[in-house]
Amino acid sequence: MDETLRKEIERLLDADVQEELPEAVEAELRRLMADDERRLISLCADITPDGEYGERWFVATDRRLAMLATENGEARVEVELPWTHVRRLRLRDFIGGGSLEVITEQEAVELPRFSRSLAPQFARAYHILRRLTSEEDATGGKGPGGRHMQRALRCKTCGRALPRWSEICPFCMERAKLLRQLVSYLGPYKAIAITGFVLTVSFSLLSLLPAYLTRMLIDNVIVPRNYAGLWRLLFLLLGIYLLRAAIGVVRAYIMEWIGAHVVYDMRVQVYDHLQILSLGFFSRKQTGQIMSRVTNDIMRLQYFIAEGLQEILVNIFTVLIICVMLFVAHAKLAALTLLPIPLIGVSTYVFGVLIHPVFHKVWRRMASLTAVLADAIPGIRVVKSFAQEDRESRRLRGRSEELLVQELNAAKLWALFFPLFGLTTAAGSLIVFGYGSLQVMQGYMTLGVLVMFMQLMWQFYYPVQMLGEMNHRIQHALTSAERVFEVLDTSPEILDADGSLKLPEVRGRVEFRDVTFSYEPGKPVLSDIDFVAEPGEVIGLVGPSGAGKSTLVHLLSRFYDVDDGQVLLDGHDVRDLSLHFLRRQIGVVLQEPFLFHGTVSENIGYGVPNANPAEIIAAAKAANAHDFIVNLPHGYDTVVGERGQLLSGGERQRVSIARAILMNPRILILDEATSSVDTETEMLIQQALDRLVWNRTTFAIAHRLSTLRKANKIIVMEHGRIAEMGTHNELLDSDGLYSRLCKLQAELSKVRAW
């Protein structure tokens, strides 16, 4: 592998394609690999070559591809191919999964097979490994995600593969633009920032005066034994130190004030922007990655925005002033003082080039670590229920070890750079001290000038060193800024149209007119959907899982836009309506209701923040929730816990219904609202739903078909199309899919009763 290719692949590798191997597989792999061979990718596939569910380990090194299996605690190599035999890779797409196929000169060899849940990881591995093959895949990558994923993983400008953690190409991002964006956050605090800068310059100048006064102390006071001048200089020095301390206190507070306000502004802006992004963005990102941008990355920018930029300017200013003072005092000695500067400049540049990609890896590992926590902590009940505490600990330990490795790589660069920097400045000081001493002994320079030179020299090298460190901080800031501005530069996929409408009155007539929709190009999820829901009607949506029922109501809420056709509300295309207005007309009751960490009252009033207590109680009574709420420890002020975990499933559902009742929407979406509760609770919920659906256009997704007997119209979905449509009795008489589903449920009920 040539060096350029190695660096590109190194940049693309991340935790998504590097899972921890079992000990037996690790041992067998070590036996297979050469000493200098490097493992690039290790992924666990969940389907065996014969199509059954089972574990196989796919490993790619810089020399070979291999697939290993485990049996009775031992590992064996099932397939092993050197890269020299590989001509092409192909990512194949099946129903419910896919496979990675290797094309050699003689045959096509199927390596891992995997379910669709693992498709993103293997698609990622495929796009990385293609760089090691002798030719590009001419198919354009028609695997899970296919051409859509190909486009999403490549920069439109330079054609390079985009990093997994970003939708912004790091090679094409303008550093100057980043800096301008960062500086713009100081705009509202310009006067305070200028004041802080003036105080910082004053502080720096006061720090230089003692060196000049030391020269006067030696040459004009100590040598001629001027006692009167001694006291004047001492009091002057004392005044300088006191003034510098006072300025330092004020400056420090101003800088902290600016930093806190800038971080506040940036965090609020990022979070506000997240609120308007479409669901597609969140489906492509892990929660931990988004949290890392709002917390860790913004905090890393705080110092740079509030103080770092000023320190850069002040250090440059300080270096220039010291240079003037040194050259005025003694030109030759000043020139010797500048000798180490070119070496310091070159080493600082090299250090920046080396450290920037390392910091990228550190931040990616940090985000990956946060993602593990964001997955495991909310799901702690599932973890404990399946006794997987050790597994989750191993996951965290693995991600922590990956972070540790990258942090140690950064530490090695730090450990190498700054001792060399110190050695360079020490060598410069020896030259200045030696030559200056000769000048003093030969009478060409006074002792005071030499002492002033030595003091200013260290004050000169310090800001130069700080400028070197500022390069490191700039790299920190730019890395974090790339991630923060990736969010801010991401445009919502769903936007208000120019001149978007707000209807004076909403009747609730909904029409789907020849609607086709796909999440991925070329793979329709809905096709030719055509029906009308009149105001006040209850529309039942039934069909097998994956038939497109939830997608259909997502289009009504305009979480996604249709590919073809129209979704109409009262004769108006929903794309012409104001998003906020449209969604205020739609209430949703989910199968698994989401409650926020807060009181019962706050959760009921979430959709109507200004609701008064009487309205909240009325909504709770309508939802059959009032009786259980008043029996809670603090009634309506009881905190429900994260995701409402302190309430039962039926109680959470009734709070969710009360929330929808209070919002008083014209259109209601019920997504399996009674599927996971007991019979008594279902009766209470059904009574509440009967009150809720009255005089509203309602879309009810249900697997319990008995709950749809009163529906005005039932739409039976199959394979993304409308298979049947009619009333409950009409569909029973038609002896179609709905009739078969009803008979199956009736037989299942008899089995349960028996």
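The values are calculated or read from the model by the stated rules, or taken from the named source; none is laboratory data. This is a predicted model, so every value here is computed, not measured. Here Cβ is always computed from backbone atoms with ideal geometry, including for glycine, and neighbour counts include all displayed protein chains. Accessible surface areas use protein heavy atoms only, side chains included; no ligands, DNA or RNA. Shrake-Rupley method; radii C 1.70, N 1.55, O 1.52, S 1.80 Å.
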Meets criteria (open to solvent by 70 Å² or more (accessible area, probe 1.4 Å) and either in contact with a Ser or Thr (Cβ under 9 Å, 6 or more places away or on another chain) or without any contact (Cβ under 8 Å) to a residue 12 or more places away in the chain (or both)) for ARG513: no
The one condition in (1) open to solvent by 50 Å² or more (accessible area, probe 1.4 Å); (2) aromatic (Phe, Trp, Tyr); (3) modelled with pLDDT of 85 or more that TYR53 fails to fulfil: (3)
Test: residue in segment 483-503 that is open to solvent by 10 Å² or more (accessible area, probe 1.4 Å), aromatic (Phe, Trp, Tyr), at pLDDT below 85 and under 30 Å from VAL270 (Cβ atoms): no
Subset tally (residues that are in a helix (DSSP H, G or I) and under 22 Å from GLN687 (Cα atoms)) for segment 587-643: 19
Odd one out for ARG225 among (1) farther than 19 Å from LEU199 by Cα; (2) assigned to a helix (DSSP H, G or I): (2)
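Here is a yes/no grid of residues against (1) under 33 Å from the mean Cα position of the chain (by Cα); (2) over 30 Å from LEU579 (Cβ atoms):
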position	(1), (2)
VAL250	no, yes
MET255	yes, yes
VAL263	yes, no
HIS273	yes, no
MET299	yes, yes
GLN310	yes, yes
PHE327	no, yes
ALA334	no, yes
Yes/no for ILE344 being surrounded by 19 or more Cβ atoms within 10 Å (Cβ to Cβ) and part of a helix (DSSP H, G or I): yes
Counted residues, segment 528-566 - those being β-branched (Val, Ile, Thr) and out of contact with any helix residue (DSSP H, G or I) (no Cβ under 8 Å at 6 or more places or on another chain): 4
All positions within segment 91-119 that are outside any strand (DSSP E or B), of a type outside the set (S, T, N, Q) and within 28 Å of the chain's Cα centre (by Cα): GLY96, ARG116, LEU118, ALA119
Qualifying positions in segment 228-258 - open to solvent by less than 80 Å² (accessible area, probe 1.4 Å), under 30 Å from GLY196 (Cβ atoms) and aliphatic (A, V, I, L, M): LEU237, ILE240, ALA245, ALA246, ILE247, VAL250, ALA252, ILE254, MET255, ILE258
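Quick grid of which residues meet (1) in a helix (DSSP H, G or I); (2) at pLDDT 80 or above; (3) more than 16 Å from VAL328 (Cα to Cα); (4) open to solvent by 40 Å² or more (accessible area, probe 1.4 Å):
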| position | (1), (2), (3), (4) |
| --- | --- |
| GLY428 | yes, no, yes, no |
| ILE431 | yes, yes, yes, yes |
| GLY436 | yes, yes, no, no |
| GLY448 | yes, yes, no, no |
| VAL451 | yes, yes, no, yes |
| TRP458 | yes, no, yes, yes |
| TYR462 | yes, no, yes, yes |
| LEU467 | yes, no, yes, yes |
| HIS472 | yes, no, yes, no |
Qualifying residues in segment 523-566 (those that are of a type in the set (Ser, Thr, Tyr) and outside any strand (DSSP E or B)) - the one surrounded by the fewest Cβ atoms within 10 Å (Cβ to Cβ): SER545
One residue from LEU320, LEU301, LEU309, LEU274 being outside any loop (DSSP other than H, G, I, E, B), modelled with pLDDT of 80 or more and open to solvent by less than 40 Å² (accessible area, probe 1.4 Å): LEU274
Any hit, segment 366-376, residues being open to solvent by 80 Å² or more (accessible area, probe 1.4 Å), free of Cβ contacts under 8 Å to residues at least 24 places away in the same chain and either in a helix (DSSP H, G or I) or in contact with an Asp or Glu (Cβ under 9 Å, 6 or more places away or on another chain) (or both): no
